[in-house]
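Peer 1: This is the structure, below, for whatever I ask next.
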Amino acid sequence: MKIMRSVAQLQEALGGQHSIGFVPTMGFLHEGHASLLEQARAENDIVVLSIFINPTQFGPNEDLDRYPRDETRDQQLAQSAGVDYLFYPTNEVMYPLDMARVTVRSGDDVLCGASRPGHFDGVLTVVSKLFNIVRPTRAYFGLKDAQQLALIEGYVADYFVPVEIKRCPIIREADGLAKSSRNVYLSDREREQAPGIQQALVEAKQALDQGQPLETVLEKTRTLLQFEGAAIDYAEAVAYPTLGPVDATTETILLAVAVQFESARLIDNLLYTRGA
């Protein structure tokens, strides 16, 4: 594995490669990231991993300065997952002039976007930059960030970006909690409560399978998410991948939740296909 810190250095190394699998991350890697890398390794000649904590996707009073970092651990996981090139850019490398950014036109005013204005503008801006740098054949994203994934797919379609976006399943702890770099912030009590997020989603799916009305299911989900000392950010349903309202013609529904614990905001979701 080679560590690259400049755009020119990485692009020179990648020139002429047949197929490139790319996994963009903010580091503090865990088994969820490893699963993306393993799929990229199986489907491509070259695997590129980027680690960049992107400042433009953090709003005021969010955890940019506190976001967990561990370069040594990240490099060990990357090496074991078969990464060929690890790209470690700085803010100066990624935003040399900062004269232009991507603006989301729809789909950013629901779910996480409703309480994080400008967040997805930052996400798509950095993803656009990384795609232009790496020029991957395929890029791998986890469905845990389902709204982000849908917006990236929309960006790729709108801008005719020559990359195949690969949706990858949520990786979970043994008790069902979705893997997340922010899980380390949870207290012991919160860690005991947190698996209830996925349990609430499982019960929501069962209720939909039984034919219960969507709004009734969502109300029950919100009740199940009322953990002591935590606040529900949202428990909503949107059409997927358009992120628009659910109506009678909607085939795939994204049931998505976000819970704010004292020091960590956790998200989770499931995709529900009617009649499946």
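Peer 1: Hey, which of the helices (runs of 4 or more DSSP H) in the range 148-248, taking only ones fully inside, have at least 1 residues that are within 25 Å of Leu29 (Cβ to Cβ) and of a type in the set (A, V, I, L, M)? Even if it seems obvious, please write down each step before you answer.
Peer 2: Values: elements: 188-193, 196-209, 214-224.
So the answer is 196-209.
Peer 1: Turning to a different aspect of this structure: When you go through Thr242, Thr216, Thr252 one by one, which is the residue that is within 19 Å of Ile170 (Cα to Cα) and surrounded by fewer than 17 Cβ atoms within 10 Å (Cβ to Cβ)? Reasoning before the result, please.
Peer 2: Values: Thr242 fails: within 19 Å of Ile170 (Cα to Cα); Thr216 fails: within 19 Å of Ile170 (Cα to Cα).
Just a single option satisfies the conditions, and that option is Thr252.
Peer 1: Hey, among the residues in the range 110-141 that are in contact with a Ser or Thr (Cβ under 9 Å, 6 or more places away or on another chain) and of a type in the set (S, T, N, Q), which one's nearest to Gly21 (Cα to Cα)?
Peer 2: Thr137
One line per residue, one yes/no per condition, for (1) of a type in the set (Ser, Thr, Tyr); (2) at pLDDT 95 or above; (3) in contact with a Gly (Cβ under 7 Å, 6 or more places away or on another chain):
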| position | (1), (2), (3) |
| --- | --- |
| Ala13 | no, yes, no |
| Ile53 | no, yes, yes |
| Gly59 | no, no, yes |
| Asp65 | no, no, no |
| Gly82 | no, yes, no |
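Peer 1: Answer yes if at least one residue in the range 23-43 is on the phi > 0 side of the Ramachandran plot, among the hydrophobic types (A, V, I, L, M, F, W, C) and assigned by TED's automatic domain parsing to the domain that holds Asp84, and no otherwise.
Peer 2: Checking the range 23-43: at least one residue is on the phi > 0 side of the Ramachandran plot, among the hydrophobic types (A, V, I, L, M, F, W, C) and assigned by TED's automatic domain parsing to the domain that holds Asp84.
Peer 1: Please find, among Ser50, Ser35, the residue that is closer than 23 Å to Ile133 by Cβ, of a type in the set (Gly, Ala, Ser) and within 16 Å of the chain's Cα centre (by Cα).
Peer 2: Criteria check complete, one pass: Ser50.
Peer 1: Filter the strands (runs of 3 or more DSSP E) completely within the range 1-83 down to those with at least 3 residues that are crowded, with 17+ Cβ neighbours inside 10 Å.
Peer 2: Details: elements: 2-4, 20-25, 46-51.
Of the strands (runs of 3 or more DSSP E) lying wholly inside the range 1-83, those with at least 3 residues that are crowded, with 17+ Cβ neighbours inside 10 Å span 20-25, 46-51.
Yes or no, residue by residue, for (1) modelled with pLDDT under 95; (2) within 24 Å of Phe120 (Cα to Cα); (3) outside the structural domain of His33 (by TED's automatic domain parsing):
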{"site": "Pro162", "(1), (2), (3)": "no, yes, no"}
{"site": "Asp188", "(1), (2), (3)": "no, no, yes"}
{"site": "Ile197", "(1), (2), (3)": "no, yes, yes"}
{"site": "Val217", "(1), (2), (3)": "no, no, yes"}
{"site": "Leu225", "(1), (2), (3)": "no, no, yes"}
{"site": "Ala235", "(1), (2), (3)": "no, yes, yes"}
{"site": "Ala248", "(1), (2), (3)": "yes, no, yes"}
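Peer 1: Within the group Val127, Val123, Val104, Val93, which residue is in the same structural domain as Ser50 (by TED's automatic domain parsing), in contact (Cβ under 8 Å) with a residue 40 or more places away in the chain and not in a helix (DSSP H, G or I)? So that I can check it myself, show each step before the final result.
Peer 2: On the way: Val127 fails: not in a helix (DSSP H, G or I); Val123 fails: not in a helix (DSSP H, G or I); Val93 fails: not in a helix (DSSP H, G or I).
Just a single option satisfies the conditions, and that option is Val104.
The values are calculated or read from the model by the stated rules, or taken from the named source; none is laboratory data. Since the structure is predicted, the reported quantities are computational estimates derived from the model, not experimental observations. Positions of Cβ are backbone-derived with ideal geometry, glycine not excepted, and every protein chain shown enters the neighbour counts.
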